[in-house]
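The values are calculated or read from the model by the stated rules, or taken from the named source; none is laboratory data. This structure is a prediction, so every number in the text was calculated from the model and none was measured. Using ideal geometry, Cβ is built from the backbone for each residue, glycine included, and neighbour counts are taken over all protein chains shown. SASA here: full protein model, heavy atoms, side chains in, ligands and nucleic acids out. Shrake-Rupley method; radii C 1.70, N 1.55, O 1.52, S 1.80 Å.
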Amino acid sequence: MEETNSHRIHTFSLLILTFSLFSTLALSRFSPTDNHLISCGSTVDTAVDNRRFISDSNPNSPLLSSAQTIPLTNQSPSPYSIQIYNSARIFKKPSKYAFEIKEPGTHMVRLHFHAFVSSNLDLSDAQFHVLVNGYVALSNFSVGKVRDFVVKEFFIWADSDKIVINFVPAKKGNYGFVNAIEVISAPKDLIADVGFLVNGNKDEKFVGLTKQALETVHRINIGGPKVTPFNDTAWRTWIPDYEFFKSSNDLSKLMYFGGRIHYQIGGASREVGPDFVYKTARVITDTNGAVLNPNMTWEFPVDEGYKYLVRMHFCDIASISLGLIHFNVYVNGYLAYEDLDLSSITYTLASPFYVDFVVDDDSSGVLRVSVGPTNKTMAYGVDGILNGVEIMKMNNSVGSLGGKICAGMVLKSWPRGNIGVLVPFVAGLCLLLSLALVMHRRTVGMRNPVSWSKLPTEVRGVDLNHVNLHLSGKA
(Lines give C-alpha, C1' and ligand atoms only; values in the text may rest on other atoms or scores of the structure.)
Protein backbone atom coordinates (compact mmCIF):
# COMPACT_ATOMS: atom_id res chain seq x y z
CA MET A 1 0.00 0.00 0.00
CA GLU A 2 1.32 3.46 -0.88
CA GLU A 3 2.07 5.59 2.16
CA THR A 4 1.71 9.37 2.23
CA ASN A 5 4.42 11.62 3.69
CA SER A 6 4.15 13.74 6.81
CA HIS A 7 2.57 16.70 5.04
CA ARG A 8 -0.74 17.87 6.38
CA ILE A 9 -3.55 16.18 4.46
CA HIS A 10 -5.57 18.73 2.54
CA THR A 11 -9.23 18.33 1.90
CA PHE A 12 -11.46 19.27 -1.01
CA SER A 13 -15.20 19.07 -1.21
CA LEU A 14 -15.67 16.61 -4.06
CA LEU A 15 -17.27 17.81 -7.24
CA ILE A 16 -19.46 14.79 -7.83
CA LEU A 17 -19.91 14.24 -11.52
CA THR A 18 -22.81 11.84 -11.48
CA PHE A 19 -24.51 10.70 -14.62
CA SER A 20 -28.08 11.55 -15.48
CA LEU A 21 -28.73 9.20 -18.34
CA PHE A 22 -32.15 7.75 -18.74
CA SER A 23 -31.38 4.36 -20.26
CA THR A 24 -29.30 2.61 -22.85
CA LEU A 25 -32.09 3.33 -25.33
CA ALA A 26 -31.91 7.02 -24.53
CA LEU A 27 -28.15 6.97 -25.06
CA SER A 28 -28.59 5.81 -28.63
CA ARG A 29 -30.66 8.91 -29.38
CA PHE A 30 -27.89 11.47 -28.94
CA SER A 31 -28.28 13.82 -31.88
CA PRO A 32 -25.70 16.62 -32.03
CA THR A 33 -26.87 20.05 -33.18
CA ASP A 34 -23.73 20.45 -35.27
CA ASN A 35 -22.95 17.24 -37.10
CA HIS A 36 -20.47 17.70 -39.95
CA LEU A 37 -19.17 14.42 -41.39
CA ILE A 38 -16.91 14.86 -44.42
CA SER A 39 -15.44 12.22 -46.72
CA CYS A 40 -12.37 13.94 -48.11
CA GLY A 41 -11.32 13.45 -51.71
CA SER A 42 -14.31 11.26 -52.47
CA THR A 43 -16.79 11.97 -55.25
CA VAL A 44 -19.65 10.18 -53.49
CA ASP A 45 -21.09 10.14 -50.01
CA THR A 46 -20.07 7.27 -47.74
CA ALA A 47 -21.96 5.44 -44.97
CA VAL A 48 -20.07 4.25 -41.88
CA ASP A 49 -21.94 2.71 -38.93
CA ASN A 50 -25.19 4.26 -40.14
CA ARG A 51 -23.57 7.68 -40.34
CA ARG A 52 -23.39 9.55 -43.64
CA PHE A 53 -20.08 11.19 -44.55
CA ILE A 54 -20.62 13.85 -47.22
CA SER A 55 -18.21 14.14 -50.14
CA ASP A 56 -16.13 17.32 -49.99
CA SER A 57 -16.57 17.59 -53.77
CA ASN A 58 -20.19 18.47 -53.07
CA PRO A 59 -21.00 22.16 -53.83
CA ASN A 60 -22.33 22.44 -50.27
CA SER A 61 -19.07 21.17 -48.79
CA PRO A 62 -17.40 23.49 -46.26
CA LEU A 63 -14.10 23.18 -48.12
CA LEU A 64 -12.52 26.60 -48.64
CA SER A 65 -9.13 26.14 -50.21
CA SER A 66 -6.71 27.04 -52.93
CA ALA A 67 -6.66 25.31 -56.28
CA GLN A 68 -3.70 23.23 -55.16
CA THR A 69 -5.69 20.49 -53.46
CA ILE A 70 -5.86 17.08 -55.04
CA PRO A 71 -8.53 14.41 -54.55
CA LEU A 72 -6.87 11.00 -54.36
CA THR A 73 -8.36 7.52 -54.52
CA ASN A 74 -6.81 4.25 -53.40
CA GLN A 75 -6.70 2.13 -56.55
CA SER A 76 -6.02 -1.11 -54.64
CA PRO A 77 -8.09 -1.00 -51.46
CA SER A 78 -8.44 -3.97 -49.17
CA PRO A 79 -11.82 -5.69 -49.48
CA TYR A 80 -12.20 -5.24 -45.72
CA SER A 81 -11.28 -1.55 -45.59
CA ILE A 82 -13.66 1.15 -44.37
CA GLN A 83 -14.75 3.25 -47.31
CA ILE A 84 -13.77 6.65 -45.91
CA TYR A 85 -10.13 5.52 -45.84
CA ASN A 86 -10.03 4.77 -49.56
CA SER A 87 -9.92 8.43 -50.56
CA ALA A 88 -8.03 11.49 -49.35
CA ARG A 89 -7.64 15.20 -49.96
CA ILE A 90 -4.05 16.32 -50.60
CA PHE A 91 -2.82 19.82 -49.65
CA LYS A 92 0.31 21.18 -51.33
CA LYS A 93 -0.05 24.63 -49.80
CA PRO A 94 -1.91 25.99 -46.73
CA SER A 95 -5.60 25.13 -47.07
CA LYS A 96 -8.60 25.11 -44.80
CA TYR A 97 -12.05 23.75 -44.12
CA ALA A 98 -14.59 26.11 -42.51
CA PHE A 99 -17.54 24.54 -40.73
CA GLU A 100 -20.63 26.54 -39.82
CA ILE A 101 -21.56 26.24 -36.16
CA LYS A 102 -25.15 26.62 -34.99
CA GLU A 103 -24.59 26.10 -31.28
CA PRO A 104 -21.65 27.55 -29.30
CA GLY A 105 -19.88 25.23 -26.89
CA THR A 106 -17.52 22.28 -26.84
CA HIS A 107 -17.16 20.42 -30.13
CA MET A 108 -15.49 17.13 -30.91
CA VAL A 109 -13.14 17.32 -33.88
CA ARG A 110 -11.90 14.03 -35.30
CA LEU A 111 -9.38 13.78 -38.09
CA HIS A 112 -9.06 10.45 -39.89
CA PHE A 113 -5.80 9.38 -41.56
CA HIS A 114 -4.80 6.32 -43.54
CA ALA A 115 -1.63 6.30 -45.64
CA PHE A 116 -2.04 4.52 -48.96
CA VAL A 117 -0.11 4.64 -52.22
CA SER A 118 -1.81 5.94 -55.35
CA SER A 119 -0.77 7.85 -58.48
CA ASN A 120 2.89 7.60 -57.51
CA LEU A 121 2.13 9.35 -54.22
CA ASP A 122 2.87 7.60 -50.95
CA LEU A 123 0.85 9.28 -48.20
CA SER A 124 3.21 7.91 -45.55
CA ASP A 125 5.72 10.54 -46.74
CA ALA A 126 3.40 13.45 -45.92
CA GLN A 127 4.44 15.81 -43.12
CA PHE A 128 2.28 18.73 -42.07
CA HIS A 129 0.73 20.85 -39.34
CA VAL A 130 -2.96 21.07 -38.41
CA LEU A 131 -4.53 24.11 -36.76
CA VAL A 132 -8.04 24.11 -35.28
CA ASN A 133 -9.61 27.46 -34.40
CA GLY A 134 -6.24 29.01 -33.72
CA TYR A 135 -4.80 26.11 -31.73
CA VAL A 136 -1.93 23.97 -33.01
CA ALA A 137 -3.50 20.51 -32.95
CA LEU A 138 -0.74 18.62 -34.77
CA SER A 139 2.80 19.74 -35.50
CA ASN A 140 5.11 18.09 -38.05
CA PHE A 141 2.62 15.25 -38.14
CA SER A 142 3.27 12.16 -40.22
CA VAL A 143 1.31 8.91 -40.27
CA GLY A 144 4.50 7.11 -41.29
CA LYS A 145 4.39 3.44 -42.17
CA VAL A 146 1.47 2.61 -39.88
CA ARG A 147 -0.70 0.18 -41.83
CA ASP A 148 -3.87 0.77 -39.83
CA PHE A 149 -5.88 3.98 -39.84
CA VAL A 150 -5.20 6.74 -37.31
CA VAL A 151 -7.85 8.91 -35.67
CA LYS A 152 -6.90 12.10 -33.84
CA GLU A 153 -9.63 13.46 -31.55
CA PHE A 154 -9.80 16.95 -30.09
CA PHE A 155 -12.23 18.92 -27.92
CA ILE A 156 -12.45 22.55 -29.02
CA TRP A 157 -14.57 25.35 -27.60
CA ALA A 158 -16.43 27.30 -30.30
CA ASP A 159 -17.91 30.68 -29.39
CA SER A 160 -18.25 31.96 -32.95
CA ASP A 161 -20.21 30.76 -35.98
CA LYS A 162 -17.35 28.73 -37.48
CA ILE A 163 -14.74 26.12 -36.71
CA VAL A 164 -11.79 26.45 -39.08
CA ILE A 165 -9.31 23.64 -39.68
CA ASN A 166 -6.05 24.56 -41.45
CA PHE A 167 -3.68 22.08 -43.08
CA VAL A 168 -0.17 23.45 -43.59
CA PRO A 169 2.63 21.46 -45.28
CA ALA A 170 5.69 21.29 -43.02
CA LYS A 171 7.79 22.82 -45.77
CA LYS A 172 7.55 23.78 -49.40
CA GLY A 173 7.57 20.69 -51.60
CA ASN A 174 5.91 18.62 -48.89
CA TYR A 175 2.17 18.09 -48.51
CA GLY A 176 -0.57 17.24 -46.07
CA PHE A 177 -3.64 15.05 -46.34
CA VAL A 178 -6.77 13.91 -44.56
CA ASN A 179 -9.23 11.10 -45.30
CA ALA A 180 -12.24 12.23 -43.28
CA ILE A 181 -13.28 14.90 -40.81
CA GLU A 182 -15.88 14.99 -38.05
CA VAL A 183 -16.98 18.22 -36.35
CA ILE A 184 -19.71 17.41 -33.83
CA SER A 185 -21.35 19.22 -30.93
CA ALA A 186 -20.19 17.45 -27.79
CA PRO A 187 -22.86 16.11 -25.43
CA LYS A 188 -23.89 18.65 -22.82
CA ASP A 189 -21.50 18.76 -19.88
CA LEU A 190 -19.21 16.14 -21.40
CA ILE A 191 -16.33 18.43 -20.48
CA ALA A 192 -16.88 19.97 -17.05
CA ASP A 193 -15.28 23.35 -16.44
CA VAL A 194 -13.69 22.40 -13.10
CA GLY A 195 -11.20 19.68 -12.28
CA PHE A 196 -8.97 18.97 -9.29
CA LEU A 197 -5.30 19.89 -9.55
CA VAL A 198 -3.23 17.04 -8.14
CA ASN A 199 0.30 17.95 -7.11
CA GLY A 200 0.52 17.03 -3.45
CA ASN A 201 1.21 20.53 -2.16
CA LYS A 202 -1.80 22.73 -2.77
CA ASP A 203 -5.56 22.52 -2.49
CA GLU A 204 -6.60 23.87 -5.86
CA LYS A 205 -9.38 23.63 -8.35
CA PHE A 206 -8.48 24.03 -12.00
CA VAL A 207 -11.07 26.36 -13.50
CA GLY A 208 -11.51 26.78 -17.26
CA LEU A 209 -11.29 23.27 -18.67
CA THR A 210 -14.00 23.94 -21.24
CA LYS A 211 -11.94 26.72 -22.82
CA GLN A 212 -8.85 24.52 -23.12
CA ALA A 213 -8.04 22.67 -26.31
CA LEU A 214 -7.87 18.98 -25.42
CA GLU A 215 -6.47 16.03 -27.33
CA THR A 216 -7.56 12.52 -26.43
CA VAL A 217 -4.36 10.57 -25.79
CA HIS A 218 -5.76 7.42 -24.16
CA ARG A 219 -9.32 6.13 -23.73
CA ILE A 220 -9.25 2.81 -21.90
CA ASN A 221 -11.87 0.18 -21.09
CA ILE A 222 -10.42 -1.32 -17.93
CA GLY A 223 -10.75 -5.10 -17.83
CA GLY A 224 -12.89 -5.30 -20.93
CA PRO A 225 -12.63 -5.62 -24.71
CA LYS A 226 -12.36 -2.90 -27.33
CA VAL A 227 -15.47 -0.74 -27.64
CA THR A 228 -16.01 0.48 -31.19
CA PRO A 229 -17.74 3.73 -32.25
CA PHE A 230 -20.83 1.71 -33.20
CA ASN A 231 -21.28 0.79 -29.52
CA ASP A 232 -20.61 4.24 -28.07
CA THR A 233 -23.15 7.04 -27.93
CA ALA A 234 -20.64 9.67 -29.06
CA TRP A 235 -18.90 7.35 -31.58
CA ARG A 236 -15.74 6.98 -29.51
CA THR A 237 -13.28 4.09 -29.37
CA TRP A 238 -12.19 2.53 -26.06
CA ILE A 239 -9.27 0.12 -26.12
CA PRO A 240 -8.38 -2.68 -23.63
CA ASP A 241 -5.97 -1.96 -20.79
CA TYR A 242 -3.67 -4.96 -21.16
CA GLU A 243 -0.57 -3.16 -22.45
CA PHE A 244 -0.87 -0.45 -19.77
CA PHE A 245 -1.55 -2.61 -16.72
CA LYS A 246 1.69 -2.86 -14.72
CA SER A 247 0.84 -4.34 -11.32
CA SER A 248 3.43 -6.80 -10.05
CA ASN A 249 1.08 -8.87 -7.89
CA ASP A 250 -1.61 -11.39 -8.73
CA LEU A 251 -4.36 -9.81 -6.65
CA SER A 252 -6.32 -8.22 -9.49
CA LYS A 253 -9.24 -9.93 -11.14
CA LEU A 254 -11.23 -9.16 -14.25
CA MET A 255 -14.93 -8.70 -13.66
CA TYR A 256 -17.93 -8.69 -15.95
CA PHE A 257 -21.40 -7.60 -14.87
CA GLY A 258 -24.41 -9.06 -16.65
CA GLY A 259 -27.03 -6.90 -14.99
CA ARG A 260 -28.37 -3.44 -15.64
CA ILE A 261 -26.31 -0.30 -15.12
CA HIS A 262 -28.27 2.20 -13.03
CA TYR A 263 -27.71 5.70 -14.41
CA GLN A 264 -28.90 8.50 -12.15
CA ILE A 265 -31.94 10.38 -13.44
CA GLY A 266 -32.31 14.14 -13.29
CA GLY A 267 -31.06 17.22 -15.08
CA ALA A 268 -29.46 17.16 -18.52
CA SER A 269 -28.24 13.80 -19.80
CA ARG A 270 -24.47 13.21 -19.95
CA GLU A 271 -23.24 10.73 -22.50
CA VAL A 272 -19.98 10.17 -20.68
CA GLY A 273 -19.44 6.43 -20.94
CA PRO A 274 -21.25 3.44 -22.46
CA ASP A 275 -22.56 0.34 -20.68
CA PHE A 276 -19.71 -1.65 -22.20
CA VAL A 277 -17.25 0.30 -20.03
CA TYR A 278 -19.22 0.13 -16.79
CA LYS A 279 -20.02 -3.56 -17.09
CA THR A 280 -16.33 -4.51 -16.96
CA ALA A 281 -13.62 -3.69 -14.44
CA ARG A 282 -10.51 -4.81 -12.65
CA VAL A 283 -10.84 -5.34 -8.91
CA ILE A 284 -8.33 -6.02 -6.12
CA THR A 285 -9.08 -8.92 -3.83
CA ASP A 286 -7.98 -8.45 -0.24
CA THR A 287 -5.15 -10.50 1.26
CA ASN A 288 -5.67 -9.19 4.80
CA GLY A 289 -2.34 -7.35 4.65
CA ALA A 290 -0.32 -10.30 3.42
CA VAL A 291 1.00 -8.38 0.38
CA LEU A 292 3.15 -5.29 0.93
CA ASN A 293 1.94 -3.29 -2.11
CA PRO A 294 -1.37 -4.63 -3.39
CA ASN A 295 -2.19 -1.57 -5.53
CA MET A 296 -3.30 -1.90 -9.14
CA THR A 297 -1.30 0.45 -11.38
CA TRP A 298 -1.53 1.52 -15.00
CA GLU A 299 1.20 3.41 -16.87
CA PHE A 300 0.48 5.52 -19.95
CA PRO A 301 3.05 7.13 -22.25
CA VAL A 302 2.55 10.89 -22.59
CA ASP A 303 4.41 13.86 -24.04
CA GLU A 304 6.43 15.95 -21.62
CA GLY A 305 5.70 19.62 -21.03
CA TYR A 306 1.90 19.53 -20.80
CA LYS A 307 -0.85 19.30 -18.24
CA TYR A 308 -3.25 16.39 -18.58
CA LEU A 309 -6.90 15.93 -17.76
CA VAL A 310 -7.30 12.48 -16.20
CA ARG A 311 -10.86 11.20 -16.02
CA MET A 312 -11.42 8.07 -13.95
CA HIS A 313 -14.64 6.07 -14.24
CA PHE A 314 -16.04 4.01 -11.36
CA CYS A 315 -19.02 1.69 -11.07
CA ASP A 316 -19.43 -0.81 -8.23
CA ILE A 317 -20.26 -4.05 -10.01
CA ALA A 318 -18.31 -6.15 -7.49
CA SER A 319 -20.23 -5.77 -4.23
CA ILE A 320 -23.17 -7.81 -3.06
CA SER A 321 -24.37 -4.99 -0.82
CA LEU A 322 -23.65 -1.32 -0.13
CA GLY A 323 -20.70 -0.10 1.91
CA LEU A 324 -18.25 -2.91 1.19
CA ILE A 325 -15.66 -1.07 -0.94
CA HIS A 326 -13.29 1.61 0.34
CA PHE A 327 -10.09 2.47 -1.49
CA ASN A 328 -7.58 5.18 -2.37
CA VAL A 329 -6.92 6.70 -5.80
CA TYR A 330 -3.46 7.89 -6.87
CA VAL A 331 -2.31 9.93 -9.87
CA ASN A 332 1.44 10.01 -10.56
CA GLY A 333 2.01 8.67 -7.07
CA TYR A 334 0.07 11.47 -5.35
CA LEU A 335 -2.95 10.66 -3.24
CA ALA A 336 -5.77 12.13 -5.33
CA TYR A 337 -8.76 10.68 -3.51
CA GLU A 338 -8.67 9.12 -0.05
CA ASP A 339 -11.14 6.54 1.25
CA LEU A 340 -13.41 6.49 -1.77
CA ASP A 341 -16.70 4.93 -0.71
CA LEU A 342 -18.82 4.40 -3.82
CA SER A 343 -21.94 3.70 -1.80
CA SER A 344 -21.87 7.12 -0.13
CA ILE A 345 -21.94 8.76 -3.55
CA THR A 346 -24.32 6.71 -5.65
CA TYR A 347 -26.52 5.13 -2.93
CA THR A 348 -26.98 2.10 -5.14
CA LEU A 349 -24.86 -0.61 -6.73
CA ALA A 350 -23.90 -0.64 -10.41
CA SER A 351 -24.32 3.14 -10.66
CA PRO A 352 -21.49 4.98 -12.46
CA PHE A 353 -19.81 8.30 -11.86
CA TYR A 354 -16.48 9.89 -12.77
CA VAL A 355 -13.96 12.32 -11.34
CA ASP A 356 -11.70 14.70 -13.28
CA PHE A 357 -8.13 15.37 -12.14
CA VAL A 358 -5.60 17.78 -13.69
CA VAL A 359 -1.96 16.77 -13.38
CA ASP A 360 1.41 17.92 -14.70
CA ASP A 361 3.63 15.37 -16.38
CA ASP A 362 6.58 14.49 -14.14
CA SER A 363 9.19 14.68 -16.93
CA SER A 364 9.32 10.89 -17.15
CA GLY A 365 7.07 10.63 -20.19
CA VAL A 366 4.79 8.33 -18.19
CA LEU A 367 1.51 9.09 -16.42
CA ARG A 368 0.51 6.61 -13.71
CA VAL A 369 -2.85 5.94 -12.08
CA SER A 370 -3.39 3.52 -9.24
CA VAL A 371 -6.08 2.30 -6.88
CA GLY A 372 -5.42 0.48 -3.62
CA PRO A 373 -6.68 -0.36 -0.15
CA THR A 374 -7.14 2.04 2.76
CA ASN A 375 -7.24 1.60 6.52
CA LYS A 376 -11.00 1.22 6.16
CA THR A 377 -10.73 -1.73 3.79
CA MET A 378 -12.65 -4.74 5.06
CA ALA A 379 -10.88 -8.04 5.58
CA TYR A 380 -11.12 -10.42 2.65
CA GLY A 381 -13.27 -8.01 0.71
CA VAL A 382 -12.66 -5.93 -2.42
CA ASP A 383 -9.88 -3.37 -2.02
CA GLY A 384 -10.45 -1.32 -5.13
CA ILE A 385 -12.11 -1.11 -8.52
CA LEU A 386 -11.63 0.80 -11.77
CA ASN A 387 -13.79 0.67 -14.90
CA GLY A 388 -12.32 3.20 -17.29
CA VAL A 389 -9.67 5.89 -17.78
CA GLU A 390 -9.46 8.80 -20.21
CA ILE A 391 -6.33 10.93 -20.53
CA MET A 392 -6.44 14.19 -22.48
CA LYS A 393 -3.54 16.51 -23.23
CA MET A 394 -4.20 20.19 -22.50
CA ASN A 395 -2.86 22.99 -24.67
CA ASN A 396 0.27 24.71 -23.42
CA SER A 397 0.85 28.42 -22.80
CA VAL A 398 1.19 29.22 -26.53
CA GLY A 399 -2.05 27.46 -27.47
CA SER A 400 -0.38 24.35 -28.84
CA LEU A 401 -0.86 20.62 -28.40
CA GLY A 402 2.21 19.90 -30.47
CA GLY A 403 5.19 22.07 -29.59
CA LYS A 404 6.30 25.55 -28.62
CA ILE A 405 5.16 27.49 -31.70
CA CYS A 406 1.78 29.22 -31.81
CA ALA A 407 -0.64 28.94 -34.74
CA GLY A 408 0.15 32.39 -36.09
CA MET A 409 3.83 31.55 -36.49
CA VAL A 410 3.02 28.23 -38.18
CA LEU A 411 1.10 30.10 -40.87
CA LYS A 412 3.72 32.84 -41.22
CA SER A 413 6.59 30.37 -41.50
CA TRP A 414 5.27 28.83 -44.73
CA PRO A 415 6.74 28.50 -47.36
CA ARG A 416 10.11 28.92 -45.66
CA GLY A 417 9.54 25.71 -43.71
CA ASN A 418 12.15 26.67 -41.11
CA ILE A 419 10.04 26.48 -37.98
CA GLY A 420 12.76 24.59 -36.13
CA VAL A 421 15.19 27.47 -36.61
CA LEU A 422 12.60 30.01 -35.47
CA VAL A 423 11.81 28.27 -32.20
CA PRO A 424 14.19 30.22 -29.94
CA PHE A 425 12.99 33.54 -31.35
CA VAL A 426 9.25 33.17 -31.60
CA ALA A 427 8.44 30.96 -28.62
CA GLY A 428 8.81 33.96 -26.34
CA LEU A 429 6.57 36.04 -28.55
CA CYS A 430 3.85 33.38 -28.50
CA LEU A 431 4.19 33.16 -24.72
CA LEU A 432 3.70 36.90 -24.32
CA LEU A 433 0.65 36.86 -26.58
CA SER A 434 -1.00 34.17 -24.44
CA LEU A 435 0.17 35.38 -21.02
CA ALA A 436 -2.37 38.19 -20.84
CA LEU A 437 -5.21 35.77 -21.56
CA VAL A 438 -4.00 33.26 -18.95
CA MET A 439 -3.66 35.94 -16.27
CA HIS A 440 -7.08 37.32 -17.13
CA ARG A 441 -8.69 33.89 -16.70
CA ARG A 442 -6.97 33.34 -13.37
CA THR A 443 -7.98 36.78 -12.13
CA VAL A 444 -11.59 36.18 -13.09
CA GLY A 445 -11.45 32.78 -11.41
CA MET A 446 -10.20 34.34 -8.18
CA ARG A 447 -12.89 37.01 -8.21
CA ASN A 448 -15.62 34.56 -9.07
CA PRO A 449 -14.88 31.23 -7.41
CA VAL A 450 -16.87 28.39 -8.91
CA SER A 451 -19.33 26.77 -6.59
CA TRP A 452 -19.83 23.04 -6.46
CA SER A 453 -22.35 21.56 -8.85
CA LYS A 454 -25.44 20.16 -7.20
CA LEU A 455 -26.46 16.56 -7.54
CA PRO A 456 -29.77 15.75 -9.28
CA THR A 457 -32.65 16.38 -6.92
CA GLU A 458 -33.83 12.80 -7.35
CA VAL A 459 -30.74 11.47 -5.57
CA ARG A 460 -31.61 11.73 -1.91
CA GLY A 461 -29.55 11.94 1.20
CA VAL A 462 -26.29 13.14 -0.29
CA ASP A 463 -24.49 15.69 1.84
CA LEU A 464 -21.68 17.26 -0.16
CA ASN A 465 -20.12 18.53 3.04
CA HIS A 466 -19.35 14.96 4.03
CA VAL A 467 -17.91 13.87 0.68
CA ASN A 468 -14.27 14.86 0.64
CA LEU A 469 -11.31 14.58 -1.67
CA HIS A 470 -7.95 14.49 0.13
CA LEU A 471 -4.66 15.58 -1.39
CA SER A 472 -1.33 15.01 0.22
CA GLY A 473 2.32 14.59 -0.60
CA LYS A 474 3.73 12.13 -3.09
CA ALA A 475 3.96 8.49 -2.15
_Qualifying positions in segment 117-137 - open to solvent by 10 Å² or more (accessible area, probe 1.4 Å) and not small (G, A, S)_ = V117, N120, L121, D122, D125, Q127, N133, Y135
*At least 3 residues that are assigned by the TED database to the domain that holds T69 in each: list the strands (runs of 3 or more DSSP E) lying fully within segment 176-220 that qualify.*
176-178, 180-185
*Being under 17 Å from G402 (Cβ atoms), modelled with pLDDT of 95 or more and of a type in the set (D, E, K, R) is the filter here, so list the residues in segment 142-196 that pass it.*
K152, E153
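Give me the residue from segment 306-342 that is among the β-branched types (V, I, T) and in a strand (DSSP E or B) and, out of that set, surrounded by the fewest Cβ atoms within 10 Å (Cβ to Cβ). Walk me through how you get there before you give the answer.
If we filter segment 306-342 for residues that are among the β-branched types (V, I, T), which is where we start, we get 310, 317, 320, 325, 329, 331.
Pick out the ones that are also in a strand (DSSP E or B) and you get 310, 329, 331.
Details: V310: 25, V329: 25, V331: 23.
Here the residue is V331.
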*Which of the residues belonging to segment 375-386 are open to solvent by 10 Å² or more (accessible area, probe 1.4 Å), in contact with a Gly (Cβ under 9 Å, 6 or more places away or on another chain) and either of a type in the set (S, T, N, Q) or modelled with pLDDT of 80 or more (or both)?*
T377
*Considering only segment 79-110, state which residues are assigned to a strand (DSSP E or B), among the hydrophobic types (A, V, I, L, M, F, W, C) and within 16 Å of E182 (Cα to Cα).*
A88, A98, F99, M108, V109
*Identify the residue in segment 139-173 that is among the β-branched types (V, I, T) and touching a strand residue (DSSP E or B) at 6+ places or on another chain (Cβ under 7 Å) and, among all such residues, is nearest to S95 (Cα to Cα).*
V168
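Among the strands (runs of 3 or more DSSP E) contained in segment 343-410, which hold 2 or more residues that are over 16 Å from the mean Cα position of the chain (by Cα)? Don't jump to the end; show me each part of the working.
On the way: elements: 353-360, 366-373, 382-386, 388-394.
Output list reads 366-373, 382-386.
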*Taking the residues in segment 138-173 that are open to solvent by less than 10 Å² (accessible area, probe 1.4 Å), under 24 Å from E103 (Cβ atoms) and among the β-branched types (V, I, T) as candidates, determine which candidate is nearest to the chain's Cα centre (by Cα).*
I156
*Could you please tell me which pairs satisfy a Cβ distance under 6 Å, a separation of 6+ or placement on different chains, a first residue in segment 207-225 that is on the phi > 0 side of the Ramachandran plot, and a second residue that is small (G, A, S) and assigned to a strand (DSSP E or B)?*
G223/A281
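Condition check: within 17 Å of F149 (Cβ to Cβ) and modelled with pLDDT of 85 or more. Does S55 satisfy that? Spell out the reasoning first.
Working: within 17 Å of F149 (Cβ to Cβ): no; modelled with pLDDT of 85 or more: yes.
No: the conditions fail for S55.
When you scan segment 269-287, do you find a residue that is touching a helix residue (DSSP H, G or I) at 6+ places or on another chain (Cβ under 9 Å), at pLDDT below 85 and crowded, with 18+ Cβ neighbours inside 10 Å, even just one? Even if it seems obvious, please write down each step before you answer.
Going residue by residue through segment 269-287, those that are touching a helix residue (DSSP H, G or I) at 6+ places or on another chain (Cβ under 9 Å) are 269, 271, 274-276.
Applying the additional criterion that residues be at pLDDT below 85 yields 269, 271.
If we keep only those that are crowded, with 18+ Cβ neighbours inside 10 Å too, we end up with 269, 271.
Taking every residue of segment 269-287 in turn, at least one turns out to be touching a helix residue (DSSP H, G or I) at 6+ places or on another chain (Cβ under 9 Å), at pLDDT below 85 and crowded, with 18+ Cβ neighbours inside 10 Å.
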_Filtered residues of segment 29-46 (kept if exposed (fewer than 12 other Cβ atoms within 10 Å of the Cβ) and among the small types (G, A, S))_ = S31
